[in-house]
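**Student:** One structure is given below, represented as structure tokens, and several questions about it will come after.
The values are calculated or read from the model by the stated rules, or taken from the named source; none is laboratory data. On a predicted model such as this, the values are computed, not experimentally measured, just so you know. Ideal geometry is used to build each Cβ from the backbone, glycine not excepted, and the neighbour counts take in all protein chains shown. Protein only, heavy atoms only, side chains kept; ligands, DNA and RNA dropped before computing areas. Shrake-Rupley method; radii C 1.70, N 1.55, O 1.52, S 1.80 Å.
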Amino acid sequence: MKSIFGFTDMKLKEINAHITAKEIKQQPRLWRETFEVIKNSRERISGFMDKVLKEKDLRVVLTGAGTSAFVGDSLVPYLNKKIINKVEAIATTDIVSNPENYLYSDIPTLLISYARSGNSPESVATVNLAEDMVDNLYQIFLTCNHEGSLAKKSFKNDKNLLVLMPEDSNDQGFAMTGSFTCMTLASLLMFDIENMEELESSIYSMAKYGERLLDSRFDDIKEIVSQKFDRAIFLGTSTLKGLSRESALKTLELTSGRIMTNWDSSLGFRHGPKSIIDDKTLVFSYLSNDIYTRKYELDFLKEMYFENGDAKVVAISDYKDKEVENIVDFLINIKDNKEDIEDDVYLLFNYVLVAQMFALFKSIDLGISPDNPSPDGIVNRVVKGFTIYPYNK
């Protein structure tokens, strides 16, 4: 009988978890499809990027709302280090309410809009504001919905580029899963499009490890879920800090707020936020592959393990690490051995699978329906029910 994460299809449908479980599970396939999407559009994308990146004093703004905004948060440290040094992540929810603080008429700008549906009111409003306020504006629309408002707006002129994600990345569940990882991967590939051949084996290897993680480690994550906790903290450094924010939101969303969550960096967490820890707290630490960064993270794990009572510490590592294993309650490793060391930005794809499974299993454990954890409509799959005001300054 067909099953996902040890649940039969019938059981998942009975508890309204089938859509979310399926969408989490299919992501490695979608990563391969995303690679092929960018590869097949390489000439079109490369021509556009070459033209835009030649603009003097170009400013690149990555924007979106909610999880779509966290795509930018996760990418900025890497893109500024590797590709172009003027990249910012600014949520549409910030731009819409204070446009003059974020949009500048005299600075050439590439606005990259991330959107699952492309219909969020803030996303559409941000594009309208940018088109009105920025004199030299280029736009890339990365969206999962070819019928969404942003996809339709992309055809206005040749300074816009539409990049559609694989069809199945348009998550039908409440929580964004495949849409987040596909848009993140597509961005990395677009900014490094000249190296597609070199990246191909890495992306396919990443998908292979993702499939293994999804197939073989769900029982370990269920054991973590079985602990007594009502708080979950997610910590990561640099690009993995953006991932921590997304992980905290996934757990908060799918548990309908029953599990209180927070996020930070390992070093930043010491400065006050650490006060949240009690005996019913889970602390997740996303470990960097950078040797220097990892030293600080290991020190924090030791501090947490020996000083914080019954709070449970979970480490997520790219590889099996005996030193880490001895100072945490749970270790989830992606690979068995320390093989080719990936840049941290590529770790987030398999790391986020751990957070997504954790959130799904805790939602089920609490008797909540993951496919619709907010049936009263307080929170919706696509935000609605508020006014976008005209900006006339």
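**Student:** Can you give me the distance in nm between label points at Asp106 and Ser3, each placed 7 Å from the Cα along the Cα-to-Cβ direction?
**Tutor:** It is 6.6 nm.
**Student:** Accessible area per residue, 1.4 Å probe, Å², for the chain: what's the number?
**Tutor:** 42
**Student:** At 7 Å along the Cα-to-beta-carbon direction for both Asp329 and Asp219, put a label point, then send me their distance in nm to one decimal.
**Tutor:** Each label point is offset 7 Å from its Cα along the Cβ direction, giving 2.1 nm.
**Student:** Continuing with this model, one more query. Be a star and scan the stretch 317-358 for residues whose amide nitrogen sits under 15 Å from the point 7 Å along the Cα-to-Cβ vector of Asp290.
**Tutor:** Label zone hits: 342-348.
**Student:** Let me ask something else. Just the C-alpha atoms of the stretch 234-393: what Rg/Rh do they give, with Rh taken as the Kirkwood radius?
**Tutor:** With Rh from the inverse mean 1/r over Cα pairs, Rg/Rh is 1.03.
**Student:** Considering only protein heavy atoms, with the full assembly of protein chains and a 1.4 angstrom probe, order His271, His18 by accessible area, largest first.
**Tutor:** From most accessible down to least: His271, His18.
**Student:** Once you place label points 7 Å from the Cα toward the Cβ at Thr387 and Lys228, how far apart are they in nm?
**Tutor:** 5.0
**Student:** May I have the extent of the alpha carbons of the stretch 1-144 along their three principal axes, as whole Å values ordered from largest to smallest?
**Tutor:** 61, 35, 24
**Student:** At q = 0.09, 0.12, 0.15 Å⁻¹, what log₁₀ I(q)/I(0) does a Debye calculation on the Cα points of the chain give, no solvent, two decimals?
**Tutor:** With one equal scatterer per Cα and no solvent, log10 I(q)/I(0) is -0.52, -0.93, -1.43.
**Student:** To the nearest 10 square angstrom, what accessible area does Tyr305 show with a 1.4 Å probe?
**Tutor:** Tyr305 exposes around 90 Å² with every protein chain in place.
**Student:** Taking 0.36 nm per residue of separation and subtracting the Cα-Cα distance, what length does fully extending Asn136 through Glu194 add?
**Tutor:** 18.3 nm
**Student:** Within 10 Å, count the other beta carbons around each residue, average over each peptide in 39-46, 159-166, 219-226, and list them highest first.
**Tutor:** Highest to lowest by the protection proxy: 159-166, 219-226, 39-46.
**Student:** To the nearest 0.05, what FRET efficiency results for Lys322 and Lys13 with a Förster distance of 41 Å applied to their C-beta separation?
**Tutor:** Working from the Cβ atoms, E equals 0.45.
**Student:** A follow-up question, please. Tell me the relative contact order for the chain as a rounded percent, counting alpha carbon contacts under 8 Å between residues six or more apart.
**Tutor:** Details: 703 pairs, mean separation 71.6, N = 393.
Once divided by the residue count of the chain, the mean separation gives 18 percent.
**Student:** Something else about it: Relative to the present Cα-Cα distance, how much length would full extension add between Glu36 and Glu55 at 0.36 nm per residue of separation? Please report the intermediate quantities before stating the final value.
**Tutor:** On the way: separation 19, 0.36 × 19 = 6.84 nm, distance 2.83 nm.
Gain on extension, Glu36 to Glu55, equals 4.0 nm.
**Student:** Here's another thing I want to ask about it. What does DSSP give for the chain in terms of the percent of beta bridges that are antiparallel, rounded to the nearest 5?
**Tutor:** Bridges in the chain are about 5 percent antiparallel.
**Student:** Could you please state how large a percent of the accessible area of the chain is carbon and sulfur, counting protein chains only and using a 1.4 Å probe?
**Tutor:** 47
**Student:** Output the 0 to 90 degree angle, nearest 10, between the alpha-carbon long axis of helix 178-191 and the longest principal axis computed from the alpha carbons of the chain.
**Tutor:** Once rounded, the angle reads 50 degrees.
**Student:** Right, another one. Kindly provide the Kirkwood hydrodynamic radius of the stretch 213-298 in Å, to one decimal, from all pairs of distinct alpha carbon atoms.
**Tutor:** 13.7
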